[in-house]
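What follows is calculated from the coordinates using simple rules that are stated; it is not laboratory data. The structure displayed is predicted, hence computed values, not measured ones. Cβ coordinates were reconstructed from backbone atoms using ideal geometry, including for glycine residues, and neighbour counts include every protein chain displayed.
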Amino acid sequence: MFHPSILLFALIQGHAHAHTFIWGVFVNGVDQGLFKGIRTPAFNGAPNGGGYSNSPVKNLTSIDLRCNVLGDIPAPDTIKVAPGDNLTFDWHHDKRNPTDDVIAESHHGPSLVYISPDPPTENSFVKIWHEGLYESLPFPQPGKWSTSSNIRSNGGHMNVRIPEGLKAGYYLIRAEMIGLHEGEVSFEDNQIRGAQFYPNCVQIEVTGDGSVELPEGVSFPGAYQYDTPGVVYDIYCSTQTDATAPCAMTTYPIPGPTVWSGAWAETTSAPAGPLIGGTAVPPWSTWIKKSIVTSATFTDKKSITVVGTSTYSAQWSSSYQTPAPTVRW
Ligand SMILES: *[C@@H]1O[C@H](CO)[C@@H](O)[C@H](O)[C@H]1NC(C)=O
Ligand SMILES: *[C@@H]1O[C@H](CO)[C@@H](O)[C@H](O)[C@H]1NC(C)=O
């Protein structure tokens, strides 16, 4: 579906409070370029009015859990890959640069990757990788988690490999980090807190003569419920040694299904080559907050003129949408 209001974005320098999203994809170590193939989430508020990008999705029944806010809108380009290719998603917070903090240090939690035919249908997301808590530390430390101790510590790199023999066609990869730092209570019970989901989708076209079809998977929204193990979880009690305490836990159940047996058992990190394109968020003149799309012009960092607003509601098509050459960036 074409949303005429979501056309372009104007400049921000150093926005505060931004959360994490994917800035680039390396295929076998070769960068495809800034935001290429990526359905970049919306900015949630006027960038120089205290707004920030990609607020977490916390509502598990929202369509935003599928590919984040604006996730229904195709990016203008699609990344060509072959079965067996090694993909590295380059997650960042403020800039695509080694000095960026990737995701706030406190945002401990699991990382997950799913693949679905594009467009997704009922139960079409198949999990191909996940990683949760991999080292417990003595109470009250949070332990070592995928988001903070792997992805963040490795400059934002999240690796996944295209399944062997996968049939040619268009697919969406849904990569995700989950911050559990406020996840000791469910969003349903306390909307100030709850687990923070950072899903981001990447458009790929698988080439070749593979014949492997994806099995039945799960739906987003749908795969995670508020009572799904691992959605409500107190990371500060996860390693508690006092078994008499009420929240003692020693293992972490990663939400969602098990990893598909057709996925690669090991994900490898191909050495990443040079970055292609910019490293900063380019001009941004449209943003979205609570389903209201606002278009504006900027004269300088302090002055915004709002030129129009419209209501946004995701409109996922049931047939493949050829990406329009519209430049979102
Ligand atoms: C969660 O999303 C659903 C579906 O969009 C909506 O009906 C509901 O009001 C949302 N809940 C909250 C607390 O925002
Ligand atoms: C992906 O990584 C694996 C393990 O390092 C390697 O054997 C394989 O050749 C790589 N695939 C491609 C297409 O480079």
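Quick notes on this structure:
- In plain terms, the C-alpha convex hull of region 111-218 casts an average shadow of 8.6 nm² when viewed from every direction.
- Candidates per GluC sites (Glu not before Pro) in region 98-179, loop by DSSP, up to 14 other Cβ within 10 Å: Glu105, Glu122, Glu164
- Computed label-point distance, nm, for sites Glu266 and Arg193 using a 7 Å Cα→Cβ extension: 4.1
- Couplings for region 105-111, taken from phi via the Karplus curve 6.51 cos²θ - 1.76 cosθ + 1.60 with θ = phi - 60°, read 4, 6, 7, 5, x, x, 10 Hz in order; Gly and Pro are left as x.
- Karplus-derived 3J(HN,Hα), 6.51/-1.76/1.60, for each residue of region 229-236, Hz, glycine and proline x: x, x, 7, 9, 7, 9, 5, 7
- At most 16 other Cβ within 10 Å, DSSP loop - trypsin sites (Lys or Arg not before Pro), region 84-182: Lys95, Lys167
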